[in-house]
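Okay, structure first, notes after.
The values are calculated or read from the model by the stated rules, or taken from the named source; none is laboratory data. The structure presented is a predicted model; accordingly, all values stated were derived computationally and were not measured. Here the Cβ is made from the backbone with ideal geometry for all residues, glycine too, and neighbour counts use every protein chain on show.
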Amino acid sequence: MNLSDIEGLRSKNPIVVNYSNFVTPFLVANGLNAIGASPIMSNEGDEATELATIASAVVVNLGTARKEDEEFINQLCQTANQRKIPLVLDPVAIGATKYRKKLGLELLKKYHFDIIRGNIGEIAVLAGIDWQTHGIDAGDSTDKAKEVVQKCAQRYETTVIASGKVDYISDGNRVVKILNNTDLLPLIVGSGDLLSSVAGAFCAVVKTPLEAAQIASLVVSCSGEAAAQVLEKQTLPGKFMSELLDQMANITSKQVTETAKVEEA
Amino acid sequence: MNLSDIEGLRSKNPIVVNYSNFVTPFLVANGLNAIGASPIMSNEGDEATELATIASAVVVNLGTARKEDEEFINQLCQTANQRKIPLVLDPVAIGATKYRKKLGLELLKKYHFDIIRGNIGEIAVLAGIDWQTHGIDAGDSTDKAKEVVQKCAQRYETTVIASGKVDYISDGNRVVKILNNTDLLPLIVGSGDLLSSVAGAFCAVVKTPLEAAQIASLVVSCSGEAAAQVLEKQTLPGKFMSELLDQMANITSKQVTETAKVEEA
Amino acid sequence: MNLSDIEGLRSKNPIVVNYSNFVTPFLVANGLNAIGASPIMSNEGDEATELATIASAVVVNLGTARKEDEEFINQLCQTANQRKIPLVLDPVAIGATKYRKKLGLELLKKYHFDIIRGNIGEIAVLAGIDWQTHGIDAGDSTDKAKEVVQKCAQRYETTVIASGKVDYISDGNRVVKILNNTDLLPLIVGSGDLLSSVAGAFCAVVKTPLEAAQIASLVVSCSGEAAAQVLEKQTLPGKFMSELLDQMANITSKQVTETAKVEEA
């Protein structure tokens, strides 16, 4: 893993085209901007192919996916695969409705995704493993989590990030744990969406999806840790959101090297 | 009114499904998250029934309502009524266009809403009372306001919150005034939307809509007052928005008990 | 140019109806609110005519324009022209896709826009001039920029704002440079969208589009400069966003008079 890709991204300024949900696009766009990427959001079918053609990476977020946008989504994914540029899936609440599950599984059947980023419950749905979800915090049984990300990665021949108190990352073979984190990240609705798009951005400049996933996870987690430290770990979602963007705009490979806690699981 | 429901909500973590407008969903989602609820936003017809089935409460905001979303809205409302879970209406700018007024009145005809939350001008439109609106601040003639909320509540057999400098709340019988407030709340576009969804969340854990409405109003107003105090009442919309979320994330029944100014009107 | 229109806008509280993109409407709405305007966003065709009828100004932003919204956009523009109220176009990324370019040029053919606000690259596309874009910062060759804004303004008989490190403003005849600015504005995704809508608001209360464009540019630029000064020019997008809104809510004609750097180009 070459953390100097954090600076590399700033100099390359990759364009990340997002099919985003309508709740968090402002956070995601500003987060991408903060790390040095150029965000584009759209859902107009007629521009999908062209946007995917100028993109350095494409991210599909199912948070508020709609039937009428499926043409857009499909053309985005198809063009990304044809151009062999990174394609990332965020299967938000994939288990919540039949529509969303059907759409997510269809996309995974038709296209190759380089990274899937979800919480452990969402990843478990994709892996076909029964996971006891307890609200948003989906628990952290290491062995089970390891099995879930590995199986999901193998099934879809992809790299998986299951983010939470610990981020589990697997390419189907290795499983890596990112132990950096803060209880404050879940205070922000959309911190997961942000990580998915950041993972897309790093995929555009990093050699392998497994490395990109780790660097993206570290950038968000270490920025979160630093922001939490500034707030003395108080539960302050407004100030944390602002501070997180500020930290992301200033994070360096040096800082991440000094604070990263990465383990094989 | 049992203010310990403020802590009760945090422990129960109710799911609030929102048909939101596209301007303020991020604020509303983060505000719901701050008080301990779990927000879901969508407008895909195919998921409406399932989402309303996992919901603890449903909130319909007409701020940017569209014809193409009406199937979604109707299925959401129908399922909420069938399941007898709380249903809240925010009739944003109901008097501004024929389309919006028609849609709002149709929904009120077909479904039972537990709470309607609007400004006094919007509530007056629903009550069929002529109200002189002076821009956003719709004046505060107590007697007239009392008549408006009571008549609206009676007409639709619901509980009404007319929020403003003073929040007037009525179940058609009693009228309660919440005197807590701050001039800074109108600085935030979406503070009304936020109150509507917070009211939905409290409806899910509080015995009666009248109590839920009062607690929701107090949570937002007292958080607003505390935030304004931190800012020494300066006109600072950016910092106020951030501080409001921070206060909402930390508000306790003790704090509200000590600061609440509730009167019969 | 009469800077007391800054206070004039606050007292007149013009309604600005926006066809906005779905990424930045919350920022734009809160920015409009901060300067004393009343924002309305919608994309429902059935309300377009009525909304444009109560509007003091209309702003069309193509950032996430969709075919299904074209009826709404057209009725908005048509009504604005019929009522002779200000109409503003923000041709976001007009050169990025055929769809967007076609839509933008069609609108410019059918309707008269009082102001077009874009970055220099977007304005160059409309002017039909080849402009070497280097990422987001599109360079600042004064002579070329002058030619671009002048030609665009002449071609569409409009007033043009090309915003960037320097804002170039032209009514086709004069070209004015606003030298106030800060490197921090591009940290915010949506600062351009915000300027476009602020220009719409000032068009509603200022005599000529050329004056309105200058005052709008000064309000955003001087607020940005003041916010950057508070942050000691550090790269802090979260705090800058918050501080920018705070500055906009408090900006006065006196402050702008003392800090404005306006030159004929």
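Overview of results
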{"read-out": "A:LEU76 being part of a helix (DSSP H, G or I), within 17 Å of C:ALA93 (Cβ to Cβ) and more than 10 Å from every other protein chain (Cβ to nearest Cβ)", "value": "yes"}
{"read-out": "Residue match in segment C:63-77 (condition: in contact with a Gly (Cβ under 7 Å, 6 or more places away or on another chain), at negative phi, surrounded by fewer than 24 Cβ atoms within 10 Å (Cβ to Cβ) and not acidic (Asp, Glu))", "value": "yes"}
{"read-out": "Some residue of segment C:137-146 being among the acidic types (Asp, Glu) and in a helix (DSSP H, G or I)", "value": "yes"}
{"read-out": "Test: residue in segment A:58-73 that is assigned to a strand (DSSP E or B), more than 17 Å from C:PHE22 (Cα to Cα) and more than 8 Å from chain C (Cβ to nearest Cβ)", "value": "yes"}
{"read-out": "Tabulated pairs, segment C:149-166, first without any contact (Cβ under 8 Å) to a residue 40 or more places away in the chain, second aromatic (Phe, Trp, Tyr), C-beta under 6 angstrom, 6+ apart or interchain", "value": "C:VAL149/C:TYR168"}
{"read-out": "Options B:LYS102, B:LYS144; residue that is modelled with pLDDT under 95 and of a type in the set (D, E, K, R)", "value": "B:LYS144"}
{"read-out": "Residue in segment B:158-205 that is farthest from the other protein chains (Cβ to nearest Cβ), counting only those that are of a type in the set (D, E, K, R) and within 14 Å of the chain's Cα centre (by Cα)", "value": "B:ASP167"}
{"read-out": "Residue count, segment C:27-38 (criterion: surrounded by fewer than 24 Cβ atoms within 10 Å (Cβ to Cβ) and closer than 18 Å to B:VAL92 by Cα)", "value": "2"}
{"read-out": "Residues (modelled with pLDDT under 95 and closer than 17 Å to A:ASP90 by Cα) located in segment A:186-219", "value": "A:PRO186"}
{"read-out": "Count of residues meeting criterion [farther than 19 Å from B:GLY31 by Cα and of a type in the set (D, E, K, R)] in segment A:234-253", "value": "1"}
{"read-out": "Single condition B:LYS101 does not satisfy, out of (1) part of a helix (DSSP H, G or I); (2) closer than 27 Å to C:LYS12 by Cβ; (3) away from chain C (no Cβ under 14 Å)", "value": "(3)"}
{"read-out": "Residue that is farthest from A:LEU185 (Cα to Cα), among those in segment A:41-57 that are surrounded by fewer than 24 Cβ atoms within 10 Å (Cβ to Cβ), within 21 Å of the chain's Cα centre (by Cα) and facing chain C (nearest Cβ under 9 Å)", "value": "A:ILE54"}
{"read-out": "In segment B:86-133, the residues that are surrounded by fewer than 22 Cβ atoms within 10 Å (Cβ to Cβ) and basic (Lys, Arg)", "value": "B:LYS98, B:LYS101, B:LYS102, B:LYS109, B:LYS110"}
{"read-out": "Only listed residue being out of contact with any Cys (no Cβ under 8 Å at 6 or more places or on another chain), assigned to a loop (DSSP other than H, G, I, E, B) and under 25 Å from A:GLU211 (Cβ atoms), chosen from A:ILE40, A:ILE6, A:ILE85", "value": "A:ILE85"}
{"read-out": "Qualifying position, being touching a residue at least 12 places away in the same chain (Cβ under 8 Å) and closer than 21 Å to C:LYS239 by Cβ, among B:GLY200, B:GLY190, B:GLY238, B:GLY224", "value": "B:GLY190"}
{"read-out": "Residue match in segment B:18-37 (condition: more than 23 Å from A:PHE26 (Cα to Cα) and in contact with a Ser or Thr (Cβ under 9 Å, 6 or more places away or on another chain))", "value": "no"}
{"read-out": "Index of the failed condition, B:GLN214 passing every other in (1) more than 14 Å from every other protein chain (Cβ to nearest Cβ); (2) surrounded by fewer than 24 Cβ atoms within 10 Å (Cβ to Cβ)", "value": "(2)"}
{"read-out": "A:GLU263 among the acidic types (Asp, Glu), more than 13 Å from chain C (Cβ to nearest Cβ), surrounded by fewer than 24 Cβ atoms within 10 Å (Cβ to Cβ) and in contact (Cβ under 8 Å) with a residue 60 or more places away in the chain", "value": "yes"}
{"read-out": "Some residue of segment C:13-27 being more than 7 Å from every other protein chain (Cβ to nearest Cβ), in a helix (DSSP H, G or I) and not β-branched (Val, Ile, Thr)", "value": "no"}
{"read-out": "Boolean, C:ALA48 is in contact with a helix residue (DSSP H, G or I) (Cβ under 7 Å, 6 or more places away or on another chain) and either under 27 Å from C:VAL220 (Cα atoms) or part of a loop (DSSP other than H, G, I, E, B) (or both)", "value": "no"}
{"read-out": "Test: residue in segment A:103-119 that is small (Gly, Ala, Ser) and over 25 Å from B:ASP69 (Cα atoms)", "value": "yes"}
{"read-out": "Only one of B:GLN255, B:GLN247 that is away from chain A (no Cβ under 14 Å), in contact with a helix residue (DSSP H, G or I) (Cβ under 8 Å, 6 or more places away or on another chain), of a type outside the set (A, V, I, L, M, F, W, C) and free of Cβ contacts under 8 Å to residues at least 40 places away in the same chain", "value": "B:GLN255"}
{"read-out": "Number of positions in segment B:51-68 that are within 25 Å of C:ASP46 (Cα to Cα) and out of contact with any helix residue (DSSP H, G or I) (no Cβ under 8 Å at 6 or more places or on another chain)", "value": "2"}
